[in-house]
Amino acid sequence: MIVLDHVSMKYPTGTLALDDVTFHIGKGEFVFIVGSSGSGKTTLIKLLLNEIKPTKGDIVVSGMTYSKLKRRDIPKLRRKFGVVFQNFRLLKDRTVFENVAFAQQVVEKSNKEIRREVPAVLTMVGLASEYKKYPKQLSGGEQQRVAIARAIVNRPDIILADEPTGNLDPANSTEIMELLDDLNKKGTTVVVVTHNKEIVDAMQKRVIRLKKGKIVSDVVKGGYKDED
Ligand code: ADP
Ligand code: MG
């Protein structure tokens with residue numbers, strides 16, 4: 001489902017952010033990508049989202065080869081991913097309902113679909129009764145659940161989360177990871193970038209570790225193993 005084939009990313013500044021990275025993530029997997037700050041995790045996410053292009057190697061997601069993408073393929077590729085960020089990135093002047101609905105309006109869903117699907121997805125993340133609230137009326141954990149609802153409302157094949165618990169306390173972090181685990185059990189492939197050792201140790205999933213842009217380990221079921 002996700003293949004990186006000898007991918008390197010050298011920024012124009014000369015920084016080699018990823019250095020010959022190769023891995024395969026199968027459909028339905030749950031994978032942590034870990035490594036200290038500056039190890040290349042966010043660069044990897046940006047490459048998967050086709051926001052930047054690798055300087056070497058190629059990426060294939062669901063049969064779409066990035067080096068061969070046509071302009072018209074790009075929206076289709078983008079819709080394969082639901083993305084969750086550390087800082088939630090909600091629209092402050094819109095309600096919970098409107099934040100989730102916005103993701104559907106962007107892909108031109110009908111109002112009928114929006115009225116059906118937004119409440120369903122808010123129920124899934126446990127926020128059905130908060131739909132009229134604005135982001136600032138919610139806790140950090142609740143805001144991240146809205147962001148997850150927005151990420152999944154168009155049913156992406158893959159959830160990409162970049163440090164999703166970075167701004168949350170341990171209890172909320174655990175809840176968010178359990179929610180991602182539930183979504184994974186329903187069939188969505190989940191890729192979580194993090195340096196939250198407690199979470200990774202507790203979940204016992206596949207862990208790919210980056211160090212200075214290189215993969216230094218890839219274990220099928222394991223903990224964080226802090227070595228740097
Ligand atoms: P992480 O998310 O693991 O902290 P990043 O992927 O953000 O790591 O960064 C990897 C390396 O690439 C770091 O040395 C960082 O300074 C550098 N880097 C990231 N983005 C850019 C950019 N836009 N231009 C130049 N260097 C960058
Ligand atoms: Mg980062």
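None of the figures in this text is laboratory data; all of them are computed from the coordinates on show. Note that the coordinates shown come from a computational prediction; the quantities given were computed from them, not determined experimentally. Every residue, glycine among them, receives a Cβ derived from its backbone with ideal geometry; neighbour counts consider all protein chains shown.
Would you mind checking which residues have amide H under 5 Å from R94's amide H? H placed 1.01 Å from N; only 5 or more apart, or other chain.
none
Going toward the positive end of the dipole of the chain, with +1 on Lys and Arg Cβ and -1 on Asp and Glu Cβ, which of T42, M177, P119 do you reach last?
Farthest towards the positive pole: P119.
What list of ³J(HN,Hα) values in whole Hz, one per residue of region 18-27 in order, does the Karplus curve 6.51 cos²θ - 1.76 cosθ + 1.60 (θ = phi - 60°) give from phi, with Gly and Pro shown as x?
Computed from phi, the couplings for region 18-27 are 9, 10, 6, 8, 10, 7, 10, 10, x, 4 Hz.
Could you rank the peptides 127-136, 2-11 by their average count of other C-beta atoms within 10 Å per residue, with the highest value first?
So the order, starting with the most tightly packed, is 2-11, 127-136.
Using +1 at the Cβ of each Lys and Arg and -1 at the Cβ of each Asp and Glu in the chain, identify which of I158, G140, Q104 lies farthest towards the dipole's positive end.
Q104
So for region 29-107, averaging the separation of alpha carbon pairs under 8 Å that are six or more residues apart and normalising by length, what relative contact order in percent results?
14
Relative contact order (percent) for the chain, with alpha-carbon contacts under 8 angstrom and 6 or more residues of separation?
In percent, rounded to a whole number, it is 28.
Give K56/K221; K136/K197; K133/K225; K68/K92; K68/K197 a once-over and call out the pairs whose C-alpha atoms are over 31 Å from each other.
Numbers: K56/K221 29 Å; K136/K197 28 Å; K133/K225 40 Å; K68/K92 38 Å; K68/K197 37 Å.
Exceeds cut-off: K133/K225; K68/K92; K68/K197.
What helices does the chain hold that run 24 Å or longer along their axis, going by alpha-carbon atoms, with a Kyte-Doolittle average of 1.6 or more, using DSSP H for the helix calls? Could the numbers behind the result be given before it?
On the way: long enough: none.
Helices meeting the span and hydropathy rule in the chain: none at all.
Normalising by the residue count of region 131-228, find the relative contact order in percent from Cα pairs under 8 Å and 6+ residues apart. Show your work: numbers first, answer last.
Working: 99 pairs, mean separation 21.8, N = 98.
Relative contact order comes out at 22 percent.
May I ask which of K46/K70; K53/K186; K112/K185; K10/K211; K80/K185 have a Cα-Cα span longer than 25 Å here?
Details: K46/K70 18 Å; K53/K186 31 Å; K112/K185 28 Å; K10/K211 15 Å; K80/K185 18 Å.
The answer is K53/K186; K112/K185.
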